[in-house]
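Heads up, the thing below is written out as structure tokens.
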Amino acid sequence: MPSGRALLAVLVVLPTLAAFNAVPVSAAEKAGPGVYDDEPVEREIELARLGYQNGVRVVFSRDETSGDWGLRQDGQMERNVPLAYDEKQSMLAAYLTLTPRSVPVPRALLSEPPAGTPTPPELAHRTIVASLVVADNLAVPTSGGMSTAAAKTCWDLNWDPYNWAELPGSPNPASVWHPAKTYYSSSYGGMKMYSYSYLANCGGFARHRIYYKSFGTYYKQHDSEVAFFHWQAIKKGSVHRYRKVHYDGAAGDTRNGKYIG
């Protein structure tokens, strides 16, 4: 049987290109509603944009400066749920779980698992590409018991156990006001490999910001406004760093997250 290194060499079917020959995206270039430029945000290199039949949108990425990997999921309340929910999965394993064999694998993701990690056998059946992967109208994966009909309510958490959880009011979500709040990894054991943050908007406004610390300074690596009656789940990280997640003051939002590693 060929070694994992030999297998990967065989699987690369396109000419050799730069490892990050995908699309770099800045906050200004995203140019969508709810993108802010009041403080710099690290440029993000998108590796894959995936759309699913139930309306969930998934983006795999890597930050240009820090090298942190990113997994962003966006969806709608009472319609769908995050599809990648196992925090123990590597980014590569999550991608292989979420996509069928017909969808290529971004070559950059092959370097994400730590050295010595066994090569996933699923890669033997996949095409490897150096360019951005864009796929739409994908069937919802049913691995791990995922239901194609599953949907979030305003009072659902995304992670349990968790480091923090703030729920909206009931029966009227907007009846509870959550002041601006920052959750620091230093409050939960210090430096962590990954930030996990879930934000659901059932009140009208919700802004989602994630940072890492380098040489005494926090740098922003995610900033977006979650549309009304929508949710967003973010995973960011790669190595041990001090990290923080910030939520603006808002009524009717659900905030849930943790630091891992």
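Consider Y194 against the criteria (1) open to solvent by 40 Å² or more (accessible area, probe 1.4 Å); (2) in contact (Cβ under 8 Å) with a residue 60 or more places away in the chain: it satisfies all of them except one. Which criterion is unmet?
Result: Y194 passes all but (1).
Could you please tell me which pairs satisfy a Cβ distance under 6 Å, a separation of 6+ or placement on different chains, a first residue in region 152-170 that is open to solvent by less than 50 Å² (accessible area, probe 1.4 Å), and a second residue that is among the β-branched types (V, I, T) and in a loop (DSSP other than H, G, I, E, B)?
K152/V81; P168/V176; G169/V176
Of everything in region 46-62 that's more than 13 Å from the chain's Cα centre (by Cα) and assigned to a strand (DSSP E or B), which residue is surrounded by the most Cβ atoms within 10 Å (Cβ to Cβ)?
Y52
Pick from region 105-146 the residues that are free of Cβ contacts under 8 Å to residues at least 40 places away in the same chain and part of a helix (DSSP H, G or I): which of them is farthest from G67 (Cα to Cα)?
Top of the filtered list is G145.
Taking the condition open to solvent by less than 40 Å² (accessible area, probe 1.4 Å) and among the small types (G, A, S), does G237 pass?
Taking the combined requirement at face value, the residue satisfies it.
For region 97-104, indicate whether the set of residues that are free of Cβ contacts under 8 Å to residues at least 60 places away in the same chain, open to solvent by less than 50 Å² (accessible area, probe 1.4 Å) and closer than 24 Å to K258 by Cα is non-empty.
Yes, the conditions are met somewhere in region 97-104.
Look at region 71-104 and say how many of its residues are within 14 Å of the chain's Cα centre (by Cα) and either on the phi > 0 side of the Ramachandran plot or assigned to a helix (DSSP H, G or I) (or both).
Residues in region 71-104 being within 14 Å of the chain's Cα centre (by Cα) and either on the phi > 0 side of the Ramachandran plot or assigned to a helix (DSSP H, G or I) (or both): 6 in total.
Looking at region 222-258 only, could you name the residues that are aliphatic (A, V, I, L, M) and farther than 18 Å from E166 by Cβ?
Result: A227, V239.
Please work out if D223 is under 18 Å from the mean Cα position of the chain (by Cα) and open to solvent by 60 Å² or more (accessible area, probe 1.4 Å).
no
The values are calculated or read from the model by the stated rules, or taken from the named source; none is laboratory data. Keep in mind that this is a model prediction, so the values were computed, not measured. FYI the Cβ positions are ideal-geometry reconstructions off the backbone, even for glycines, and counts take in every protein chain you see. These area figures cover heavy atoms from the full protein model, side chains too; ligands, DNA and RNA do not enter into them. Shrake-Rupley method; radii C 1.70, N 1.55, O 1.52, S 1.80 Å.
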